[in-house]
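Please read the structure below before turning to the comments.
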Amino acid sequence: MTRSKVELHAHLNGSLHPARLWALKAHHERRFPHEPLPVFPAWFTPPISELQRRSLTFDDVFPLFGVVQALTDHPEAVAQAVEAVIDDFAADGARHHGLKLAIHLAEVPNETETWSILTELKPDRIGHGTAIHPSLGGSSRLWPALLTARIPVEVCLTSNLFCQSVPTLEQHHVVHLKAAHHPFVICTDDQGIFFSPLSQEYALVQGLLGSSNEAMDQLALEAIDYTFASDSEKDTLRRAFQLP
């Protein structure tokens, strides 16, 4: 059974799978035959094999952001992209997609900015929050401030590895968040670019933390609390979850 999940940190243009991009390319050729097409990276010919995917680096996949932007420059393509991404997340078990803004913070070390946002702005959620723990470019001042504020953190493991904001999976800050019993939500960031469907991110976290299936289901259920949905909408989402 596909585990029900909540996705709260995903960018539209980065969430389009290779097959979806290929379909947008075909749409662009039909709709605007006289316009030049964006240049795909040389390695990009769907389907992308698992072996090929594992060999890709950030430099390999980064040009795709420009390709996607060029292919979604008119309303029809945007509508097609939105429908595709929602369908893909739903097929992967996601029951809710947070569309309100949360602050992306501490993807890279910035003590002054991070301290100000944690203690003065006090957002409802933090995207990434990588460089807060002292082991990842944060400090002994920032980490306790985060824990005290109890602000949920959107963690995007594969994205952080691709972007090299964490050195290894084992050193990812989700380990420290779990040890501190701090709230976090498993997210994808750019699943189409980084080949990181939500199910894969859950599997990575489960393997890294040694969590049981029941604990992972509970983690997914708790993510509903951190959405910007109304109380009635949250109740509806909880009923939609089919926990064992």
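Each reported figure results from applying straightforward, stated rules to the coordinates on display, with no laboratory input. As the structure is a computational prediction, the values presented were derived from the model and not from experiment. Cβ sites come from the backbone with ideal geometry, for glycine too, and all protein chains shown count toward neighbours.
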Once a ≥ b ≥ c are taken as the square roots of the eigenvalues of the Cα gyration tensor of the range 103-240, is the result rounded (a/c under 1.5), prolate (a/b larger than b/c) or oblate (a/b not larger than b/c)?
oblate
Its Cα gyration tensor gives the chain an equivalent ellipsoid whose semi-axes in whole Å, largest first, are 31, 21, 18
Using only alpha carbon pairs under 8 Å that are at least six residues apart, calculate the relative contact order of the range 66-195 and give it in whole percent.
19 percent
Angle check, please: helix 75-91 long axis (alpha carbons) against the longest principal axis of the chain (alpha carbons), in degrees 0 to 90, nearest 10.
50 degrees
Distance cut-off 15 Å, percentage of C-alpha pairs in the range 154-233 lying past it
58 percent
Can you tell me which aspartates and glutamates have their Cα less than 12 Å from the Cα of LYS234? Leave out same-chain residues fewer than eight positions away.
GLU222, ASP225
Can you tell me the 0 to 90 degree angle between the C-alpha axis of helix 231-240 and the longest principal axis of the chain, rounded to 10?
70 degrees
Residues PHE40, PHE58, PHE162, sorted so that the one with the fewest Cβ neighbours within 10 Å comes first:
PHE58, PHE40, PHE162
Using only the C-alpha atoms of the range 15-92, find the volume of their convex hull and express it per residue in Å³.
95 Å³
With the crude spin-label approximation of a point 7 Å out along Cα→Cβ, what separation in nm comes out for GLN164 versus SER55?
2.0 nm
Förster-model FRET efficiency, 30 Å R0, ARG30 and GLN69, C-beta, rounded to 0.05:
0.95
